[in-house]
Amino acid sequence: MDQNLKLIARDIRCDVIQAIGHLGVGHIGGCLSVVELLTVLYFEAMRIDPKNPKLEGRDRFICSKGHAGPAVYAALANRGFFDKSMLLTLNQGGTNLPSHCDMNRTPGVDMTTGSLGQGFSCAVGAALGSKLAKDGATVYTLIGDGESQEGQIWEAAMFASAKHLDNLIGFTDYNKLQIDGTVAEVNDVAPLNEKWAAFGWNVLEAADGNDIAQVSDAVRRAKANRGSGKPTMVILHTKKGCGMKWAEDLGPANHNVKVPAEVAEAAIRALREEAL
């Protein structure tokens with residue numbers, strides 16, 4: 001199964017690069033760092049139906065880290081929620097694929113991203129609603145490490161623990177870079193594991209959050225926490241721009257950048273030729 005997921009992750013990564021390269025600009029780094037997580041969620045872990053995106057009791061994924069929107073779209077398209085040709089309309093006039101996720105415009109998107117921290121709060125609310133409805137759903141949500149500097153994240157974290165939302169699984173994309181530099185330099189969030197534990201969460205880590213096997217194992221362990229009365233946070237140690245050397249080499253500068261078409265094409269060729 002891991003090999004199949006690796007192939008899917010490669011397709012998603014190529015689609016992200018193609019979409020952003022076609023537009024010519026985008027959050028390439030923060031999209032590529034979460035490809036493996038999205039692959040595991042949409043193709044292994046989540047109970048969803050692309051033919052019935054509004055299925056009652058379905059699992060939900062809420063992307064609070066808004067800059068990863070294009071990666072979410074690529075995962076949804078590969079999962080069959082809409083035709084992949086739509087990816088080339090990314091962030092253009094009249095598109096149903098705006099830069100940040102919008103639940104009113106994109107099939108399969110369960111919540112509009114909103115401001116930093118807002119998506120995470122919505123995920124907490126969705127998990128509480130699922131508990132009250134007793135529909136058995138799991139709510140998954142993704143936050144950024146820079147986003148973790150927002151007070152709203154920790155208010156929601158405290159509430160989720162107080163309400164014993166063990167049907168909530170969060171992921172932190174800990175690539176350690178943000179728009180103004182390293183997270184440590186701007187406003188260090190370390191030690192993240194101790195912070196989440198202090199807020200009453202079950203905490204797991206993946207030393208390589210861009211390794212399919214490690215991410216898959218972390219998700220399985222997080223799901224096994226159900227019944228504990230605690231929400232789970234999985235800290236994914238990732239690489240910003242992972243899989244596209246040009247983006248990786250930009251370091252902190254790979255936040256929202258111009259991506260020349262020829263650079264995108266070269267990166268896709270390299271990925272297609274790379275042995276998995």
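What the table below lists for this structure:
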| quantity | calculated |
| --- | --- |
| Residues that are open to solvent by 10 Å² or more (accessible area, probe 1.4 Å) and either within 15 Å of PHE171 (Cβ to Cβ) or in contact (Cβ under 8 Å) with a residue 12 or more places away in the chain (or both), drawn from the range 134-146 | ASP135, GLY136, THR138, GLY146 |
| Residues that are of a type outside the set (Asp, Glu), open to solvent by 80 Å² or more (accessible area, probe 1.4 Å), in a loop (DSSP other than H, G, I, E, B) and closer than 25 Å to GLY181 by Cβ, drawn from the range 234-276 | LYS239, ASN256 |
| Any helices (runs of 4 or more DSSP H) falling wholly within the range 14-133 and containing at least 2 residues that are open to solvent by 10 Å² or more (accessible area, probe 1.4 Å) | 69-79, 118-133 |
| Flag for GLN178 being without any contact (Cβ under 8 Å) to a residue 60 or more places away in the chain and either under 14 Å from THR232 (Cβ atoms) or of a type in the set (S, T, N, Q) (or both) | no |
| Residue among PHE171, PHE159 that is under 15 Å from THR141 (Cβ atoms), aromatic (Phe, Trp, Tyr) and crowded, with 22+ Cβ neighbours inside 10 Å | PHE171 |
| Residue within the range 232-250 that is over 21 Å from GLY146 (Cβ atoms) and among the basic types (Lys, Arg) present | yes |
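The values are calculated or read from the model by the stated rules, or taken from the named source; none is laboratory data. In this text the structure is predicted, and so the values were computed from the model without any measurement. When we count neighbours, we look across all protein chains shown, and the Cβ atoms used for this are built from the backbone with ideal geometry, even at glycine. Calculation scope for accessible area: heavy atoms of the full protein, side chains included, ligands and nucleic acids excluded. Shrake-Rupley method; radii C 1.70, N 1.55, O 1.52, S 1.80 Å.
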